[in-house]
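Participant: Quick one: the structure is below, and I'll ask about it shortly.
The values are calculated or read from the model by the stated rules, or taken from the named source; none is laboratory data. Because the structure is a prediction, the values reported are computed rather than measured. So basically every Cβ, Gly included, is an ideal-geometry build from the backbone, and we count neighbours across all protein chains shown.
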Amino acid sequence: MIGWYVHHHGWGHVTRMRAIRPFLDDDVTVFSSLPRPETLPERTTWVQLPSDADPVDAADGTRREAATLGDVTAGGALHWAPVGHPGHRARLATMATWIAENPVTAFVVDVSVEVTMLVRLLGVPTVAFAQPGERTDQPHRLGYDLADRIIAPWGPGTIEATGLRGRDDRVRPVGAISRYGDRARTVEPDERRVLFLSRTLDDDRLRRTIALLEGDGWTVDSAGARDGDRVDDVWPLICAATVVVSAAGQNGVADLAAANARAVVIGQDRPFGEQEHTARVLAAQGYAQTAPEDASPEAIVAAVRSAAETSPEWTGWGVVGAAARAAAAIEEVVA
């Protein structure tokens, strides 16, 4: 039986779990603050955890933000451990109780230093996911030190993760994990069609960019780029686009790689410079055109035109077979 912690920021972590899950033979129980998805693979249980960041009522009757509850980083040793927060206590207790009551053979953590520490202290083989960016701070180092395996979801020779140095024996660079990693193309790209995939621009700049593109003869689609345009299966839209404009999140870039897409990637401001780091690698290695987060509509249109003239080759991003390789890395530690 395998446990799996899914971080609640966005949907990328749960999407990654769902891509890997079919390649695991064991029963899997997922823990997350996110609500249970409508569908889950067979032999997969979802446990929704309470939030550890909601405001709480203090003993004096005041309403206090979680960030004000003591030293939430324990002097810089951790990323988040608010003092006396009932949700924080309950979520860790829920996972600890499940481990104590079940024959757990491994626990995957995507991502949390605190959960990695808890699981390893309870004597369970632990698999942690690495992320791009500057992750050499004390909590990240601690999490990597405790993990029995570290899955690096990028191709060898792409992302330079300085925080993983000295841990080569436990790191598995499996390639970029996409839900579409082994899916065939459904259509070929149209001429002069742009897809805005995920939130890359504020509403005003998106509107102005679309107007410029349409005025220049482009057809524009969007999926997750603004309110009300979420699409469950974006694969046909990615395949049909001449150029995809995407953020530099790991799942979005992996989907671009799966489709061998011409792309403009706009790195968003994220902790530890995660997306900026990825965007720099994509530009330096010729995978995609890139633009800064504050790029003007005119600059984005120019980048789209440039991307349309490229012939990308995403093989080095390692997306084909990556989910299966991640599953194999997890099974290396199964007790």
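Participant: Can you name the condition, by its number, that Val171 falls short on among (1) touching a Ser or Thr at 6+ places or on another chain (Cβ under 9 Å); (2) under 22 Å from Glu274 (Cβ atoms); (3) of a type in the set (Val, Ile, Thr)?
Facilitator: (1)
Participant: Which pairs have Cβ atoms under 8 Å, sit 6 or more apart or on different chains, and link a residue in the range 229-246 that is surrounded by 18 or more Cβ atoms within 10 Å (Cβ to Cβ) to one that is of a type in the set (S, T, N, Q) and in a loop (DSSP other than H, G, I, E, B)?
Facilitator: Qualifying pairs under 8 Å: Trp235/Thr186; Cys239/Thr186; Val245/Thr200; Ser246/Ser198; Ser246/Thr200.
Participant: Can I ask one more? Say we look at the range 181-213 and pick out the residues that are crowded, with 18+ Cβ neighbours inside 10 Å and more than 24 Å from Asp227 (Cα to Cα); which of these is modelled with the highest pLDDT?
Facilitator: Residue satisfying both the conditions and the ranking: Gly181.
Participant: Please give the strands (runs of 3 or more DSSP E) falling wholly within the range 1-72 in which 2 or more residues are without any contact (Cβ under 8 Å) to a residue 60 or more places away in the chain and either hydroxyl-bearing (Ser, Thr, Tyr) or surrounded by fewer than 17 Cβ atoms within 10 Å (Cβ to Cβ) (or both). First the steps, then the outcome.
Facilitator: Details: elements: 2-6, 28-32, 44-48.
Per the criteria, 44-48.
Participant: In the list Pro139, Pro125, Pro173, Pro153, which residue meets the criterion of being modelled with pLDDT of 95 or more and closer than 19 Å to Leu78 by Cα?
Facilitator: Answer to the selection: Pro139.
Participant: Got at least one residue in the range 182-205 being in contact (Cβ under 8 Å) with a residue 40 or more places away in the chain, touching a Ser or Thr at 6+ places or on another chain (Cβ under 7 Å) and closer than 28 Å to Gly143 by Cβ?
Facilitator: yes
Participant: Another question about this same structure. Scan the range 122-134 and give yes if some residue there is assigned to a helix (DSSP H, G or I) and closer than 28 Å to Ala67 by Cα, otherwise no.
Facilitator: No, the range 122-134 contains no residue that is assigned to a helix (DSSP H, G or I) and closer than 28 Å to Ala67 by Cα.
Participant: Follow-up question, since we're still on this one. Determine whether the range 36-47 contains at least one residue that is touching a Pro at 6+ places or on another chain (Cβ under 9 Å), farther than 17 Å from Val124 by Cβ and of a type in the set (S, T, N, Q).
Facilitator: No: the range 36-47 contains no residue that is touching a Pro at 6+ places or on another chain (Cβ under 9 Å), farther than 17 Å from Val124 by Cβ and of a type in the set (S, T, N, Q).
Participant: Still on this model: Can you name the number of the only condition in (1) under 17 Å from the mean Cα position of the chain (by Cα); (2) modelled with pLDDT of 95 or more; (3) surrounded by fewer than 24 Cβ atoms within 10 Å (Cβ to Cβ) that Ser178 fails?
Facilitator: Unmet condition: (3).
Participant: Given Ala58, Ala106, Ala66, Ala93, which one is in the same structural domain as Gln48 (by TED's automatic domain parsing) and closer than 19 Å to Ile2 by Cβ?
Facilitator: Only one candidate passes the filter, namely Ala106.
Participant: Continuing with the same structure: Within the range 73-85, count every residue that is within 20 Å of His7 (Cβ to Cβ) and in contact (Cβ under 8 Å) with a residue 24 or more places away in the chain.
Facilitator: 8
Participant: Still on this structure, please answer the following. Just one of the numbered conditions (1) part of a loop (DSSP other than H, G, I, E, B); (2) in contact (Cβ under 8 Å) with a residue 24 or more places away in the chain; (3) more than 15 Å from Val47 (Cβ to Cβ) is not true of Val104; which one?
Facilitator: It is condition (3) that Val104 fails.
Participant: Shifting gears a bit: It is to be established whether one or more residues within the range 6-25 are in the same structural domain as Asp137 (by TED's automatic domain parsing), under 24 Å from Arg141 (Cα atoms) and acidic (Asp, Glu).
Facilitator: no
Participant: Search the range 139-180 for residues being free of Cβ contacts under 8 Å to residues at least 60 places away in the same chain and assigned to a loop (DSSP other than H, G, I, E, B), and hand back the single one that is farthest from Val234 (Cα to Cα).
Facilitator: Selected residue: Gly166.
Participant: Also, I was wondering about something else. Condition test on Asp190, is it of a type outside the set (A, V, I, L, M, F, W, C) and in a loop (DSSP other than H, G, I, E, B)? Before you say what the answer is, go through the steps one by one.
Facilitator: Details: of a type outside the set (A, V, I, L, M, F, W, C): yes; in a loop (DSSP other than H, G, I, E, B): yes.
Considered against the rule, which asks whether it is of a type outside the set (A, V, I, L, M, F, W, C) and in a loop (DSSP other than H, G, I, E, B), Asp190 comes out as yes.
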